[in-house]
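See structure below.
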Amino acid sequence: MAASEPDEGFKVTDRRRRADDDAPPPTRPPHEAPAPPRGARAAPPPRATAPPAPPRETTGASERSLVGLFMMLGSSALMALGETADPMTGQRQQDLPGAADVIDVLLLLREKTEGHRSAEEAQVLDELLYDLQLRYVNATKRSG
């Protein structure tokens, strides 16, 4: 076999799906030219542009907020401190290293989101951290 001859023994077929594969094939009017042969490359059909997204509301329930994340982490810390019962088992168990980890995550979030939180988010986070840190200190005094 010469170096200039292509190797016909290996063929790659791309079977990945594209977003426009889900759309039904366009129908061709009878007067239009037939489709090019399978091996030939045709120009891709023009894509329809999506309408612009409506502007997001800046108030109301649809506004994104970090308060839910802060409260979820706070409830995890309270469970680790033994203040509330685990919803799965119904029992209270104290895990002070776990509580410290959750408090550290909240501190990291406060540091990394500085200047990007709303007034409500900042207030909730500061009050939550203050409360959790006091509870942590009291729990370490009781257990130590």
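The values are calculated or read from the model by the stated rules, or taken from the named source; none is laboratory data. Just so you know, these numbers come straight off a predicted model, no measurement behind them. Neighbour counts are summed over all protein chains in view; Cβ atoms, including those assigned to glycine, are modelled from backbone coordinates with ideal geometry. For accessibility, only protein heavy atoms count, side chains too; no ligands or nucleic acids. Shrake-Rupley method; radii C 1.70, N 1.55, O 1.52, S 1.80 Å.
Scattering from the stretch 80-144 was approximated by placing one identical point on each alpha carbon and applying the Debye formula without solvent; log10 I(q)/I(0) at 0.18, 0.22, 0.27 1/Å stands at -0.73, -0.93, -1.12.
Using a simple spin-label model with pseudo-atoms 7 Å out from Cα toward Cβ, Glu83 and Ser65 lie 2.0 nm apart.
Treating r as the C-beta distance of Asn138 and Gln91 and R0 as 22 Å, the FRET efficiency rounds to 0.60. Taking 0.36 nm per residue of separation and subtracting the current Cα-Cα distance, fully stretching the chain between Val105 and Lys11 would add 28.7 nm. The stretch between His116 and Ser75, if pulled fully straight at 0.36 nm per residue, gains 12.4 nm over its current Cα-Cα span. Couplings for the stretch 84-89, taken from phi via the Karplus curve 6.51 cos²θ - 1.76 cosθ + 1.60 with θ = phi - 60°, read 10, 7, 5, x, 6, 9 Hz in order; Gly and Pro are left as x.
Solvent-accessible surface of the stretch 100-144, averaged per residue with a 1.4 angstrom probe and all protein chains in place: 68 square angstrom.
Rounded to whole numbers, the Karplus 3J(HN,Hα) couplings from phi for the stretch 114-119 are 4, x, 10, 9, 6, 4 Hz, using 6.51 cos²θ - 1.76 cosθ + 1.60 with θ = phi - 60°, and x at Gly and Pro.
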